[in-house]
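Engineer: Have a look at this one.
The values are calculated or read from the model by the stated rules, or taken from the named source; none is laboratory data. The shown structure was predicted, so the numbers you read here are calculated from the model rather than taken from an experiment. Here Cβ is always computed from backbone atoms with ideal geometry, including for glycine, and neighbour counts include all displayed protein chains.
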Amino acid sequence: MNTFEIIGLMSGTSLDGLDIAHVEFVFDSNNQDSFKLLNYSTFDIPQELKQKLIDAPDYSVQSILMLNKELAILFANCVNEFIESKKINKKSIRAIASHGQTILHQPKNGFTLQIGCGSTLSYLTKIDVINDFRTRDVIAGGQGAPLVPIGDFGLFNSQAEAFLNIGGFANFSYKNGEDIIAYDLCPGNLPLNKLAAAKGLAYDANGELAESGEINFFLLDLLNSLEYYQLSGPKSLGTEWLEESFYPLLKFDKEIENNLRTVVEHEAFQISQKLNETNVKNVLITGGGAKNKFLISRIEHYFKGKVILPEEKIIDFKEAIVFAYLGALYLERRPNSISTVTGANQDTICGVLHIPGF
(Lines give C-alpha, C1' and ligand atoms only; values in the text may rest on other atoms or scores of the structure.)
Protein backbone atom coordinates (compact mmCIF):
# COMPACT_ATOMS: atom_id res chain seq x y z
CA MET A 1 0.00 0.00 0.00
CA ASN A 2 1.42 3.39 -1.05
CA THR A 3 0.42 6.73 0.40
CA PHE A 4 1.24 10.10 -1.17
CA GLU A 5 0.56 13.66 -0.10
CA ILE A 6 0.36 15.81 -3.21
CA ILE A 7 -0.38 19.49 -3.72
CA GLY A 8 -2.53 19.98 -6.82
CA LEU A 9 -2.60 23.30 -8.68
CA MET A 10 -5.37 24.22 -11.09
CA SER A 11 -5.66 27.47 -13.03
CA GLY A 12 -8.45 27.14 -15.56
CA THR A 13 -9.18 28.93 -18.81
CA SER A 14 -11.70 31.21 -17.10
CA LEU A 15 -8.85 32.61 -14.93
CA ASP A 16 -11.00 32.68 -11.78
CA GLY A 17 -7.87 32.12 -9.67
CA LEU A 18 -5.33 29.51 -8.69
CA ASP A 19 -6.95 26.59 -6.84
CA ILE A 20 -4.63 24.70 -4.49
CA ALA A 21 -5.57 21.34 -2.97
CA HIS A 22 -3.46 19.39 -0.47
CA VAL A 23 -4.56 15.79 -0.89
CA GLU A 24 -3.59 12.45 0.63
CA PHE A 25 -3.94 9.44 -1.66
CA VAL A 26 -3.88 5.79 -0.67
CA PHE A 27 -3.23 3.11 -3.30
CA ASP A 28 -3.71 -0.53 -2.38
CA SER A 29 -2.55 -3.61 -4.28
CA ASN A 30 -5.88 -3.87 -6.15
CA ASN A 31 -5.65 -0.31 -7.51
CA GLN A 32 -8.55 0.74 -5.29
CA ASP A 33 -7.70 4.40 -4.85
CA SER A 34 -8.98 6.68 -2.11
CA PHE A 35 -8.28 10.27 -1.12
CA LYS A 36 -8.67 12.76 1.69
CA LEU A 37 -8.76 16.51 1.01
CA LEU A 38 -6.58 17.87 3.81
CA ASN A 39 -6.33 21.58 2.93
CA TYR A 40 -7.53 23.83 0.15
CA SER A 41 -7.53 27.48 -0.86
CA THR A 42 -7.91 29.79 -3.88
CA PHE A 43 -5.47 32.59 -4.66
CA ASP A 44 -6.24 35.57 -6.87
CA ILE A 45 -4.36 36.14 -10.10
CA PRO A 46 -3.38 39.84 -10.32
CA GLN A 47 -5.34 41.66 -13.00
CA GLU A 48 -2.23 42.72 -14.92
CA LEU A 49 -0.99 39.14 -15.10
CA LYS A 50 -4.48 37.91 -15.97
CA GLN A 51 -4.55 40.26 -18.97
CA LYS A 52 -1.15 39.00 -20.10
CA LEU A 53 -2.46 35.43 -20.00
CA ILE A 54 -5.47 36.43 -22.08
CA ASP A 55 -3.22 38.14 -24.64
CA ALA A 56 -0.51 35.45 -24.57
CA PRO A 57 -1.55 33.57 -27.77
CA ASP A 58 -0.46 36.65 -29.74
CA TYR A 59 2.86 37.09 -27.90
CA SER A 60 6.35 36.64 -29.30
CA VAL A 61 8.39 33.61 -28.21
CA GLN A 62 10.47 35.82 -25.92
CA SER A 63 7.39 37.30 -24.26
CA ILE A 64 5.86 33.85 -23.72
CA LEU A 65 9.07 32.62 -22.09
CA MET A 66 9.09 35.63 -19.77
CA LEU A 67 5.42 35.03 -18.92
CA ASN A 68 6.17 31.34 -18.34
CA LYS A 69 8.60 32.30 -15.58
CA GLU A 70 6.43 35.12 -14.18
CA LEU A 71 3.49 32.75 -13.73
CA ALA A 72 5.69 30.12 -12.08
CA ILE A 73 6.93 32.71 -9.57
CA LEU A 74 3.30 33.55 -8.71
CA PHE A 75 2.49 29.83 -8.33
CA ALA A 76 5.52 29.34 -6.07
CA ASN A 77 4.63 32.31 -3.88
CA CYS A 78 1.07 31.01 -3.53
CA VAL A 79 2.23 27.48 -2.66
CA ASN A 80 4.71 28.74 -0.08
CA GLU A 81 2.06 30.96 1.49
CA PHE A 82 -0.43 28.06 1.42
CA ILE A 83 2.01 25.71 3.18
CA GLU A 84 2.85 28.30 5.81
CA SER A 85 -0.74 29.41 6.48
CA LYS A 86 -2.06 25.83 6.71
CA LYS A 87 0.93 24.79 8.87
CA ILE A 88 1.76 21.90 6.53
CA ASN A 89 4.94 19.91 7.07
CA LYS A 90 6.73 20.51 3.78
CA LYS A 91 8.69 17.27 4.15
CA SER A 92 5.41 15.33 3.94
CA ILE A 93 4.68 16.67 0.43
CA ARG A 94 5.84 14.19 -2.20
CA ALA A 95 5.23 16.52 -5.15
CA ILE A 96 3.34 19.46 -6.57
CA ALA A 97 1.17 18.52 -9.57
CA SER A 98 0.56 21.63 -11.65
CA HIS A 99 -1.86 21.98 -14.55
CA GLY A 100 -0.29 25.27 -15.60
CA GLN A 101 -2.12 27.81 -17.76
CA THR A 102 -3.17 26.76 -21.26
CA ILE A 103 -2.36 29.46 -23.79
CA LEU A 104 -2.26 27.36 -26.97
CA HIS A 105 -4.12 24.11 -27.60
CA GLN A 106 -3.85 22.76 -31.15
CA PRO A 107 -3.69 18.96 -31.00
CA LYS A 108 -4.48 18.74 -34.72
CA ASN A 109 -1.15 20.49 -35.28
CA GLY A 110 0.59 18.24 -32.78
CA PHE A 111 1.05 20.57 -29.83
CA THR A 112 -0.48 22.04 -26.72
CA LEU A 113 1.13 24.56 -24.36
CA GLN A 114 0.56 25.07 -20.64
CA ILE A 115 2.93 27.65 -19.14
CA GLY A 116 4.12 28.05 -15.54
CA CYS A 117 7.75 26.85 -15.60
CA GLY A 118 8.05 23.61 -13.61
CA SER A 119 11.74 24.07 -12.92
CA THR A 120 11.18 27.56 -11.50
CA LEU A 121 8.27 26.34 -9.39
CA SER A 122 10.33 23.43 -8.03
CA TYR A 123 13.37 25.58 -7.28
CA LEU A 124 11.38 28.24 -5.42
CA THR A 125 9.30 25.80 -3.35
CA LYS A 126 12.05 23.20 -2.80
CA ILE A 127 9.52 20.50 -3.74
CA ASP A 128 9.42 18.12 -6.73
CA VAL A 129 7.03 19.34 -9.43
CA ILE A 130 5.14 17.35 -12.05
CA ASN A 131 3.61 19.37 -14.88
CA ASP A 132 3.03 19.28 -18.67
CA PHE A 133 0.33 16.61 -18.32
CA ARG A 134 -1.00 16.93 -21.89
CA THR A 135 1.94 16.81 -24.30
CA ARG A 136 2.68 13.07 -24.29
CA ASP A 137 -0.96 12.26 -25.04
CA VAL A 138 -0.88 14.65 -28.03
CA ILE A 139 2.32 12.96 -29.23
CA ALA A 140 0.42 9.66 -29.03
CA GLY A 141 -2.24 11.08 -31.35
CA GLY A 142 -4.68 12.25 -28.68
CA GLN A 143 -6.41 15.51 -27.89
CA GLY A 144 -4.46 15.98 -24.66
CA ALA A 145 -7.87 16.53 -23.09
CA PRO A 146 -9.91 16.00 -21.09
CA LEU A 147 -7.74 14.59 -18.30
CA VAL A 148 -10.17 14.84 -15.39
CA PRO A 149 -12.25 11.72 -16.29
CA ILE A 150 -9.68 9.31 -14.88
CA GLY A 151 -10.21 11.07 -11.54
CA ASP A 152 -13.99 10.98 -11.97
CA PHE A 153 -13.98 7.20 -12.03
CA GLY A 154 -10.88 6.64 -9.91
CA LEU A 155 -12.03 8.81 -6.99
CA PHE A 156 -15.76 9.67 -7.32
CA ASN A 157 -17.15 6.56 -9.00
CA SER A 158 -19.65 5.81 -6.22
CA GLN A 159 -21.33 9.22 -6.41
CA ALA A 160 -22.82 9.32 -9.91
CA GLU A 161 -23.04 7.63 -13.31
CA ALA A 162 -21.76 10.67 -15.21
CA PHE A 163 -19.67 13.71 -14.36
CA LEU A 164 -19.96 17.24 -15.73
CA ASN A 165 -17.44 19.98 -15.08
CA ILE A 166 -18.40 23.52 -16.08
CA GLY A 167 -15.24 25.58 -16.12
CA GLY A 168 -14.12 27.75 -19.02
CA PHE A 169 -15.53 24.94 -21.14
CA ALA A 170 -18.04 22.25 -20.21
CA ASN A 171 -16.84 18.64 -20.41
CA PHE A 172 -18.37 15.39 -19.26
CA SER A 173 -17.48 11.75 -18.76
CA TYR A 174 -19.43 8.50 -18.52
CA LYS A 175 -18.84 4.78 -18.97
CA ASN A 176 -19.78 2.82 -22.06
CA GLY A 177 -19.34 -0.72 -20.79
CA GLU A 178 -15.84 -0.69 -19.28
CA ASP A 179 -14.62 2.17 -21.45
CA ILE A 180 -14.54 5.73 -20.10
CA ILE A 181 -15.84 8.19 -22.70
CA ALA A 182 -15.33 11.91 -22.29
CA TYR A 183 -14.92 15.10 -24.31
CA ASP A 184 -15.62 18.81 -24.31
CA LEU A 185 -19.30 19.48 -24.89
CA CYS A 186 -19.50 23.24 -25.39
CA PRO A 187 -18.34 26.54 -23.91
CA GLY A 188 -18.92 27.08 -20.20
CA ASN A 189 -17.97 30.13 -18.19
CA LEU A 190 -15.70 31.83 -20.73
CA PRO A 191 -18.38 33.45 -22.93
CA LEU A 192 -20.61 34.12 -19.92
CA ASN A 193 -17.78 35.94 -18.13
CA LYS A 194 -16.85 37.82 -21.29
CA LEU A 195 -20.41 39.08 -21.68
CA ALA A 196 -20.68 39.97 -17.99
CA ALA A 197 -17.46 41.98 -18.30
CA ALA A 198 -19.22 44.23 -20.81
CA LYS A 199 -21.53 45.22 -17.93
CA GLY A 200 -18.57 45.84 -15.62
CA LEU A 201 -18.95 42.51 -13.78
CA ALA A 202 -16.43 39.73 -13.22
CA TYR A 203 -19.20 37.17 -13.77
CA ASP A 204 -22.99 36.89 -13.88
CA ALA A 205 -23.75 35.91 -10.27
CA ASN A 206 -26.34 33.11 -10.17
CA GLY A 207 -27.15 33.85 -13.83
CA GLU A 208 -29.33 36.79 -12.81
CA LEU A 209 -28.45 38.93 -15.85
CA ALA A 210 -29.06 35.98 -18.17
CA GLU A 211 -32.41 35.29 -16.56
CA SER A 212 -33.48 38.89 -17.19
CA GLY A 213 -32.80 38.61 -20.93
CA GLU A 214 -34.75 37.07 -23.78
CA ILE A 215 -33.72 34.20 -26.03
CA ASN A 216 -32.70 35.27 -29.53
CA PHE A 217 -33.84 32.17 -31.40
CA PHE A 218 -32.01 33.14 -34.59
CA LEU A 219 -28.74 33.34 -32.63
CA LEU A 220 -29.59 30.15 -30.74
CA ASP A 221 -30.01 28.27 -34.02
CA LEU A 222 -26.68 29.61 -35.29
CA LEU A 223 -24.88 28.50 -32.13
CA ASN A 224 -26.46 25.05 -32.15
CA SER A 225 -25.47 24.64 -35.82
CA LEU A 226 -21.73 25.09 -35.23
CA GLU A 227 -19.70 22.35 -36.90
CA TYR A 228 -18.06 21.20 -33.64
CA TYR A 229 -21.36 19.76 -32.41
CA GLN A 230 -21.60 17.47 -35.42
CA LEU A 231 -18.20 15.90 -34.74
CA SER A 232 -17.96 12.67 -32.80
CA GLY A 233 -15.62 12.39 -29.83
CA PRO A 234 -12.87 12.38 -28.77
CA LYS A 235 -12.70 16.11 -29.35
CA SER A 236 -11.71 19.20 -27.40
CA LEU A 237 -12.19 22.95 -27.46
CA GLY A 238 -9.79 25.85 -27.00
CA THR A 239 -10.01 29.61 -26.84
CA GLU A 240 -8.98 29.73 -30.51
CA TRP A 241 -12.31 28.11 -31.41
CA LEU A 242 -14.24 30.69 -29.39
CA GLU A 243 -12.48 33.55 -31.15
CA GLU A 244 -12.88 32.09 -34.62
CA SER A 245 -16.30 30.42 -34.51
CA PHE A 246 -18.34 31.34 -31.42
CA TYR A 247 -17.82 34.99 -30.49
CA PRO A 248 -18.43 36.37 -34.02
CA LEU A 249 -22.01 35.06 -33.87
CA LEU A 250 -22.87 37.10 -30.76
CA LYS A 251 -23.00 40.25 -32.91
CA PHE A 252 -26.48 39.21 -34.01
CA ASP A 253 -27.93 40.62 -30.78
CA LYS A 254 -26.75 43.93 -29.34
CA GLU A 255 -28.25 43.38 -25.88
CA ILE A 256 -25.85 41.80 -23.39
CA GLU A 257 -28.71 40.31 -21.38
CA ASN A 258 -30.16 38.66 -24.48
CA ASN A 259 -26.75 37.27 -25.45
CA LEU A 260 -26.33 35.86 -21.95
CA ARG A 261 -29.81 34.34 -21.97
CA THR A 262 -29.22 32.78 -25.38
CA VAL A 263 -25.77 31.40 -24.53
CA VAL A 264 -27.10 29.86 -21.30
CA GLU A 265 -29.90 28.18 -23.25
CA HIS A 266 -27.41 26.97 -25.85
CA GLU A 267 -25.09 25.49 -23.22
CA ALA A 268 -27.91 23.84 -21.27
CA PHE A 269 -29.30 22.31 -24.46
CA GLN A 270 -25.94 20.99 -25.70
CA ILE A 271 -25.00 19.57 -22.30
CA SER A 272 -28.36 17.90 -21.70
CA GLN A 273 -28.68 16.54 -25.22
CA LYS A 274 -25.45 14.56 -24.83
CA LEU A 275 -26.31 13.45 -21.30
CA ASN A 276 -29.68 12.17 -22.49
CA GLU A 277 -28.04 10.26 -25.35
CA THR A 278 -25.97 8.29 -22.82
CA ASN A 279 -29.09 7.26 -20.84
CA VAL A 280 -27.38 8.00 -17.53
CA LYS A 281 -29.69 8.35 -14.55
CA ASN A 282 -27.74 11.11 -12.80
CA VAL A 283 -24.83 13.52 -13.22
CA LEU A 284 -22.49 15.12 -10.67
CA ILE A 285 -21.78 18.76 -11.59
CA THR A 286 -18.69 20.65 -10.42
CA GLY A 287 -16.70 23.72 -11.48
CA GLY A 288 -17.63 27.39 -11.27
CA GLY A 289 -20.67 26.89 -13.50
CA ALA A 290 -22.23 24.65 -10.85
CA LYS A 291 -22.87 27.86 -8.87
CA ASN A 292 -24.78 29.47 -11.73
CA LYS A 293 -28.27 28.69 -10.46
CA PHE A 294 -30.00 29.74 -13.66
CA LEU A 295 -27.76 27.60 -15.86
CA ILE A 296 -28.30 24.60 -13.58
CA SER A 297 -32.06 25.17 -13.70
CA ARG A 298 -31.98 25.10 -17.51
CA ILE A 299 -29.93 21.88 -17.49
CA GLU A 300 -32.50 20.38 -15.13
CA HIS A 301 -35.21 21.48 -17.58
CA TYR A 302 -33.67 19.52 -20.47
CA PHE A 303 -31.94 16.61 -18.70
CA LYS A 304 -34.12 13.54 -18.09
CA GLY A 305 -32.05 12.36 -15.13
CA LYS A 306 -31.11 13.80 -11.74
CA VAL A 307 -28.63 16.63 -11.22
CA ILE A 308 -26.33 16.14 -8.20
CA LEU A 309 -24.44 19.09 -6.68
CA PRO A 310 -21.77 17.96 -4.17
CA GLU A 311 -20.50 19.94 -1.19
CA GLU A 312 -18.98 23.29 -2.08
CA LYS A 313 -15.36 22.29 -1.50
CA ILE A 314 -15.72 19.54 -4.11
CA ILE A 315 -17.46 21.91 -6.55
CA ASP A 316 -14.59 24.36 -6.18
CA PHE A 317 -11.57 22.07 -5.87
CA LYS A 318 -12.38 18.85 -7.74
CA GLU A 319 -10.08 19.70 -10.66
CA ALA A 320 -7.20 20.56 -8.33
CA ILE A 321 -7.84 17.27 -6.51
CA VAL A 322 -7.78 15.37 -9.79
CA PHE A 323 -4.56 16.99 -10.97
CA ALA A 324 -3.01 16.00 -7.66
CA TYR A 325 -4.27 12.49 -8.48
CA LEU A 326 -2.65 12.63 -11.93
CA GLY A 327 0.61 13.43 -10.17
CA ALA A 328 0.16 10.50 -7.77
CA LEU A 329 -0.56 8.15 -10.70
CA TYR A 330 2.61 9.43 -12.40
CA LEU A 331 4.61 8.52 -9.29
CA GLU A 332 2.92 5.10 -9.24
CA ARG A 333 3.90 4.65 -12.90
CA ARG A 334 0.27 4.07 -13.80
CA PRO A 335 -1.39 5.59 -16.88
CA ASN A 336 -3.03 8.93 -16.12
CA SER A 337 -4.37 9.64 -19.61
CA ILE A 338 -6.95 7.32 -21.16
CA SER A 339 -6.97 6.60 -24.89
CA THR A 340 -10.76 6.08 -25.06
CA VAL A 341 -11.12 9.62 -23.68
CA THR A 342 -8.48 11.51 -25.65
CA GLY A 343 -8.32 9.47 -28.85
CA ALA A 344 -4.63 8.61 -28.39
CA ASN A 345 -3.34 5.33 -29.80
CA GLN A 346 -2.62 4.05 -26.26
CA ASP A 347 -2.98 4.93 -22.60
CA THR A 348 -0.03 7.03 -21.47
CA ILE A 349 1.76 8.16 -18.31
CA CYS A 350 1.78 11.90 -18.84
CA GLY A 351 3.83 14.51 -17.04
CA VAL A 352 7.34 15.88 -16.66
CA LEU A 353 9.20 15.73 -13.34
CA HIS A 354 11.24 18.70 -12.10
CA ILE A 355 13.42 18.45 -8.99
CA PRO A 356 14.72 21.38 -6.95
CA GLY A 357 18.32 20.56 -7.87
CA PHE A 358 19.93 20.85 -4.45
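Engineer: Taking the stated definitions as given, is Glu255 touching a residue at least 60 places away in the same chain (Cβ under 8 Å), within 26 Å of Asp55 (Cα to Cα) and surrounded by fewer than 20 Cβ atoms within 10 Å (Cβ to Cβ)? Break it down stepwise before answering.
Structural biologist: Numbers: touching a residue at least 60 places away in the same chain (Cβ under 8 Å): no; within 26 Å of Asp55 (Cα to Cα): yes; surrounded by fewer than 20 Cβ atoms within 10 Å (Cβ to Cβ): yes.
In short, no.
Engineer: On to the next question. Among the residues of the stretch 211-226, are any in the same structural domain as Leu295 (by TED's automatic domain parsing), out of contact with any Asp or Glu (no Cβ under 6 Å at 6 or more places or on another chain), closer than 28 Å to Gly17 by Cα and at pLDDT 95 or above?
Structural biologist: Yes, the stretch 211-226 has at least one match.
Engineer: Can you tell me which residue is nearest to His266 (Cα to Cα) among those in the stretch 198-213 that are without any contact (Cβ under 8 Å) to a residue 24 or more places away in the chain and of a type in the set (A, V, I, L, M, F, W, C)? Break it down into steps so the answer makes sense when it comes.
Structural biologist: Start the filter on the stretch 198-213 by keeping residues that are without any contact (Cβ under 8 Å) to a residue 24 or more places away in the chain, which leaves 200-202, 205.
Within this subset, residues satisfying the condition of being of a type in the set (A, V, I, L, M, F, W, C) are 201-202, 205.
Details: Leu201: 21, Ala202: 21, Ala205: 18 Å.
Per the stated criteria, the residue is Ala205.
Engineer: Only residues that are assigned to a strand (DSSP E or B) and either within 19 Å of Lys90 (Cα to Cα) or modelled with pLDDT under 95 (or both): list them for the stretch 11-34, please.
Structural biologist: Asp19, Ile20, Ala21, His22, Val23, Glu24, Phe25, Val26, Phe27, Asp33, Ser34
Engineer: Let me ask something else about it. Considering each residue of the stretch 221-245, count those that are crowded, with 19+ Cβ neighbours inside 10 Å and over 22 Å from Arg134 (Cβ atoms), and give that number.
Structural biologist: Here the count works out to 1.
Engineer: When you scan the stretch 1-44, how many residues do you find that are under 20 Å from Gly118 (Cβ atoms) and hydroxyl-bearing (Ser, Thr, Tyr)?
Structural biologist: Result for the stretch 1-44: 2.
Engineer: Also, quick follow-up: Residues Phe25, Phe43: which one is of a type outside the set (Val, Ile, Thr), out of contact with any Gly (no Cβ under 7 Å at 6 or more places or on another chain) and assigned by TED's automatic domain parsing to the domain that holds Cys117?
Structural biologist: Exactly one residue qualifies, and that residue is Phe25.
Engineer: Now a separate question. Identify all residues within the stretch 229-238 that are out of contact with any strand residue (DSSP E or B) (no Cβ under 8 Å at 6 or more places or on another chain) and assigned to a helix (DSSP H, G or I); write none if there are none.
Structural biologist: If the condition is that a residue be out of contact with any strand residue (DSSP E or B) (no Cβ under 8 Å at 6 or more places or on another chain) and assigned to a helix (DSSP H, G or I), then Gln230 is the only one that fits.
Engineer: Further question: Every residue in the stretch 30-85 that is closer than 30 Å to Pro335 by Cα and among the basic types (Lys, Arg), please.
Structural biologist: Lys36, Lys69
Engineer: Right, another one. Could you identify the single residue in Thr286, Thr278, Thr262 that is within 25 Å of Ser41 (Cβ to Cβ) and of a type in the set (S, T, N, Q)?
Structural biologist: Thr286
Engineer: Does the stretch 100-107 contain at least one residue that is touching a Gly at 6+ places or on another chain (Cβ under 9 Å), at pLDDT below 95 and outside any strand (DSSP E or B)?
Structural biologist: Yes, the stretch 100-107 contains at least one residue that is touching a Gly at 6+ places or on another chain (Cβ under 9 Å), at pLDDT below 95 and outside any strand (DSSP E or B).
Engineer: One residue is enough: does the stretch 200-215 have a residue meeting the conditions touching a strand residue (DSSP E or B) at 6+ places or on another chain (Cβ under 8 Å) and among the hydroxyl-bearing types (Ser, Thr, Tyr)? Outline the logic, then answer.
Structural biologist: Initially, the stretch 200-215 is screened for residues touching a strand residue (DSSP E or B) at 6+ places or on another chain (Cβ under 8 Å), giving none.
No, every residue in the stretch 200-215 fails to be touching a strand residue (DSSP E or B) at 6+ places or on another chain (Cβ under 8 Å) and among the hydroxyl-bearing types (Ser, Thr, Tyr).
Engineer: Output the residues belonging to the stretch 298-307 that are touching a residue at least 12 places away in the same chain (Cβ under 8 Å) and either surrounded by fewer than 19 Cβ atoms within 10 Å (Cβ to Cβ) or basic (Lys, Arg) (or both).
Structural biologist: Residues satisfying the conditions are Arg298, His301, Tyr302, Lys304, Gly305, Lys306, Val307.
Engineer: Return yes or no: is Leu155 surrounded by fewer than 23 Cβ atoms within 10 Å (Cβ to Cβ), touching a residue at least 60 places away in the same chain (Cβ under 8 Å) and not assigned by TED's automatic domain parsing to the domain that holds Thr262?
Structural biologist: yes
Engineer: Hey, among the residues in the stretch 260-277 that are under 10 Å from Arg298 (Cα atoms) and of a type in the set (D, E, K, R), which one's surrounded by the most Cβ atoms within 10 Å (Cβ to Cβ)?
Structural biologist: Glu267
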